[in-house]
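Here's the structure, in structure tokens; my notes come after.
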Amino acid sequence: MTAVTAHTGRPGKKARLAPPTQGRGEAWLLLGPAALYLIAFSIYPLIMSLIRSFQDYNQTKDTWRWIGLRNYQDLFTSAEFWTVVKNTLILMTAGVAIQVVLGTALALFFNQNLRGSAIVRGILILPMLLTPIVVGLMWRALLNPQWGLLNWLAVKMGLGYVGWLSDAHVALWTLVLVDSWQWTPFVFVVVYARLQALPQEVFEAGSVDGATWFQRLRYLTLPLLMPAIVFAAIFRGIDAFRTFDLVFGLTNGGPVQATSTLSFEGFQNGFEFQRYGYASAVSYVMVFAAAIGITLLLRVVRVRRMDVAP
Amino acid sequence: MNGRIVGRVISYIVLVLIGLAGIAPFLYLLVLSFKSRLDVLTVPPDRHFDWSTIQENYRTVIHDDHYVTFVVNSLVVTGVATLIALGLGVPAAYAFSRLRFRGADTWASTILSFRFMPPIAVAIPIYLMIRSLGLVDSRIGLILPYVAFSLPLVIWIMIGFFDEIPREIDESAMVDGLTRPLVLLRVLLPLARPGMLVAATFGVIFVWNEFLVGLYIVNSADKETIPIAASSLLTVESPIDWNIAATVGVLTVIPILIFSMVVQRYIVRGITAGAVR
């Protein structure tokens, strides 16, 4: 709600901003098509999902029947649902924590501006752009139990055979690993951009004062980077919460339910088992949770916009 | 002084290791795509390569598996969807950046939040909608929802870019007698071109990779995009000819690789738009 006040101008400047010929017609002309499109293909489906979550779909007759809160009741009393919630939360918190630490470390490392680092930065962009299904494919090859390169390495280094995707205790952490491979670069790009934008004099002053490298990091660099880190963490958190592709490409939710996420649970129930009503209830639990995350993010974005406003 | 040199050397070793960690999975895929079905099983892969095997793998995928059809479908769907999203999103972003009207804040934040909604929350109704419109198994059936998915992204990115263009430019153009839509069309669009490239880049990336919704909208091979085809070819359960799967993977990565080299700076700008501004 508030995030965009900065976009639309601040109240105090109203008189100056209000252009002479502005009419309601112009706003409609510019905004109308996009608004209508989103009403048809985003808002309407979102409302339909809500309605469907109170209904039951009969596949043979292609009819819907009101069942009140039954879907939600089934959901909250099913052990499977809570397993999936737990998986999603682990994937989200562990993944984001790893990515924030590694991404920030990478940003500090690249800030030395080593020769040739531009090439490596280019390489690091790639995983983010990759078709999710191919990410799954690559890692299924690397993690293959018979001939995968990672198990060969694990055995060589004396770690022994690891059931990366087949061991129910390991598989979720394998997902965290692959997710971090793909998305640590995102945190890196965000934090690095902020780091490069900071005035170098601040750091020079710090070293003149005789502060050690660690002190400068702790009291100078990290606090200055914090807005970018928080932004990246929330952004990644919301995305990780919706994780679907990785599960689809890597494990299909298995073994048993060990790696299924909320999105995947909704997908399976909806598209594979045709339990549209139940799947809609799952997705609406997600919508509510995501709304909290989005509110948080919008607050961060707004704060930043206000900070730099002249 | 010596410590300094050692530090440098260590830094470079770390740099190389980071690069390797990023690129190793790609290289592994490439190597697998050069092997025969049996040679894949050798760990670690040996350095024996056979030109005829390589040809055989790539010919199988490109020729027998309709790869070219998928590329064409992907190009058409991505291109059209991105253009429509820009056509709808740029004027909307301009309105949010410049005009004050009732409900502006509510609208803008609603649109922004769609960017972060779980796609599964709309996937089922959208699929049912497309089905009742009779558009299942058509390119339009894919394009319609894809525009809706990339539109919030386009609007969000463009608002930021329009905010950076001084309002005085619009105002002086309007003093010259142009209306708002004409100001946008004649004066601001050329100025906002970098922003539109950033927005288009992100729209393209999103649409090019989408398959959650597309998987069920399209079910005949001649309408499938690359990720939809790849995902039906490579599902976790079905047994896989790994050399062929790897070849599919490589051929999927190549267009993205080329694209990323061309637009790298727009990608970085887009990602950091929210963070540094």
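Laboratory data are not the source of any read-out in this text; all were calculated from the coordinates shown. Model, not experiment: these values are computed from the prediction. With ideal geometry, Cβ positions are generated from the backbone for all residues, glycine too; neighbour counts draw on all protein chains shown.
A few remarks follow.
- Using the Cβ-Cβ distance between B:Val43 and A:Thr295 with R0 set to 41 Å, the FRET efficiency from 1/(1 + (r/R0)^6) comes to roughly 0.25.
- Ordered from longest to shortest, the equivalent ellipsoid semi-axes for the stretch B:168-246 are 47, 13, 8 Å, each the square root of 5 times a Cα gyration tensor eigenvalue.
- Packing-based order for A:58-66, B:106-114, A:106-114, using average beta carbon neighbours within 10 Å, highest first: B:106-114, A:106-114, A:58-66
- Cβ-placed point charges (K, R +1; D, E -1), dipole of the stretch B:66-276 about Cα centre in debye, nearest 20: 400
- Relative contact order (%) - criterion: Cα under 8 Å, at least six apart; region: the stretch B:66-276: 34
- Anisotropy class of the stretch B:2-60 from Cα gyration tensor, a/c 1.5 cut: prolate
- Counting only aspartates and glutamates at least 8 places from A:Lys61 when in the same chain, those with an alpha carbon closer than 18 Å to its own are A:Glu272.
- The sum of -39500 (n - 2.57) across all DSSP H runs of n ≥ 4, divided by the residue count of the protein assembly as shown, sets its helix-only mean residue ellipticity at 222 nm to -22500 deg cm²/dmol.
- Mean Kyte hydropathy of 0.0 or more with a Cα span along the axis of at least 24 Å, helices from DSSP in chain A: A:79-110, A:171-197, A:222-241, A:276-308
- Applying a DSSP loop filter and a limit of 12 other Cβ atoms within 10 Å to the chymotrypsin sites (Phe, Trp or Tyr not before Pro) in the stretch A:182-277 leaves A:Phe273.
- Charging the Cβ of each Asp and Glu at -1 and of each Lys and Arg at +1, and nothing else, the dipole of the protein assembly as shown about its Cα centre rounds to 1740 debye.
- With θ taken as phi - 60° and the Karplus curve 6.51 cos²θ - 1.76 cosθ + 1.60 applied, the whole-hertz 3J(HN,Hα) list for the stretch B:197-206 is 5, 4, 4, 4, 4, 6, x, 4, 4, 4 Hz, x standing for glycine and proline.
- Shielding by other protein chains, B:225-231, mean Cβ within 10 Å: 4
- All-pairs alpha carbon distance profile, chain B, 10 Å steps from 0, percent: 6, 21, 26, 22, 15, 8, 2, 0
- Each listed q (0.06 Å⁻¹) maps to a log10 I(q)/I(0) for the protein assembly as shown from the Debye sum over equal C-alpha point scatterers, namely -0.33.
- Average beta-carbon neighbours from other chains, 10 Å sphere, peptide A:113-125: 5
- For chain A: relative contact order, % (alpha-carbon pairs under 8 angstrom, 6 or more apart): 29
- Taken over chain A, the convex hull of the Cα atoms encloses 215 Å³ per residue.
- Loop-resident sites, the stretch A:197-283, for trypsin sites (Lys or Arg not before Pro), counting at most 12 other Cβ within 10 Å (DSSP): none
- Where the alpha-carbon atoms of the stretch B:49-159 are placed on the principal axes, they occupy 67, 34, 23 Å, in descending order.
- 10 Å Cβ neighbours from other chains, averaged over peptide A:281-293: 3
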